[in-house]
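Below is one structure, written out as structure tokens, with a few remarks after it.
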Amino acid sequence: LGATYRLIDEELLASAEWTAEQLSEAARFNLKSLDAPFKQDEVAGNIFYFLSLGDGYEASRVLNKTLLADYAARIEGEFAVGIPHQDVLIFADIRNDAGYDVLQQLMFDFFSNGRVPVTALPFLYEDGNLEPVFVLAKNKQPKE
């Protein structure tokens, strides 16, 4: 199929003599082999990590539990995760209220401009779980 995508359904799995569990295990293994060189930026006392390599799998890396746990260990504030579109993954160390405003503005901008949008809502990561959070961003950012 070259550089195209194909939906894997139960019929295709059966013809390949694979189970859903085997497919899931192979996918998780492949995710762990992907590089994740995040770029870091600080805004209003909050740390943001961006991943955008152009490989089409940036958003999929959110399923890598080891990657999430590694970043959770270094976060000082609240650990927020953004998946605005397929080609970007955002981790944020939210240390003050301005961090939520910045995160929501980033999420909306990336969501609006991405080729394959996922969600404009960020998530909070706690105890191995992602919970969606609704943030009402303010128009004006506090001065540093």
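The values are calculated or read from the model by the stated rules, or taken from the named source; none is laboratory data. The structure presented is a predicted model; accordingly, all values stated were derived computationally and were not measured. Reconstructed Cβ throughout: ideal geometry from the backbone, glycine too, with neighbour counts over all protein chains shown.
Listed conditions (1) in contact (Cβ under 8 Å) with a residue 40 or more places away in the chain; (2) among the β-branched types (V, I, T); (3) part of a helix (DSSP H, G or I) are all met by T66, apart from (1).
With respect to the conditions (1) part of a strand (DSSP E or B); (2) within 13 Å of the chain's Cα centre (by Cα), I47 lacks only one, and its number is (2).
Taking L23 as the residue in question, decide whether it is closer than 25 Å to A120 by Cβ and either modelled with pLDDT under 95 or crowded, with 18+ Cβ neighbours inside 10 Å (or both).
Details: closer than 25 Å to A120 by Cβ: no; either modelled with pLDDT under 95 or crowded, with 18+ Cβ neighbours inside 10 Å (or both): yes.
For L23, the condition - closer than 25 Å to A120 by Cβ and either modelled with pLDDT under 95 or crowded, with 18+ Cβ neighbours inside 10 Å (or both) - is not met.
Just one of the listed residues (L13, L51, L67, L31) is aliphatic (A, V, I, L, M), in contact with a Ser or Thr (Cβ under 8 Å, 6 or more places away or on another chain) and surrounded by 15 or more Cβ atoms within 10 Å (Cβ to Cβ), and it is L31.
For the stretch 81-128, the tally of residues that are crowded, with 21+ Cβ neighbours inside 10 Å and in a loop (DSSP other than H, G, I, E, B) stands at 1.
Just one of A72, A98 is touching a strand residue (DSSP E or B) at 6+ places or on another chain (Cβ under 6 Å), touching a residue at least 40 places away in the same chain (Cβ under 8 Å) and assigned by TED's automatic domain parsing to the domain that holds F48; which is it? Walk me through how you get there before you give the answer.
On the way: A98 fails: touching a strand residue (DSSP E or B) at 6+ places or on another chain (Cβ under 6 Å).
Within the list A72, A98, the selection yields A72.
Entry remark, the stretch 5-23: residues being of a type in the set (D, E), closer than 26 Å to D55 by Cα and part of a helix (DSSP H, G or I) number 1 in total.
Going through the stretch 129-144 one residue at a time, which ones are at pLDDT below 90 and either surrounded by fewer than 18 Cβ atoms within 10 Å (Cβ to Cβ) or closer than 22 Å to R61 by Cα (or both)?
Going through the stretch 129-144, the residues at pLDDT below 90 turn out to be 134-144.
Passing the criteria: F134, L136, A137, K138, N139, K140, Q141, P142, K143, E144.
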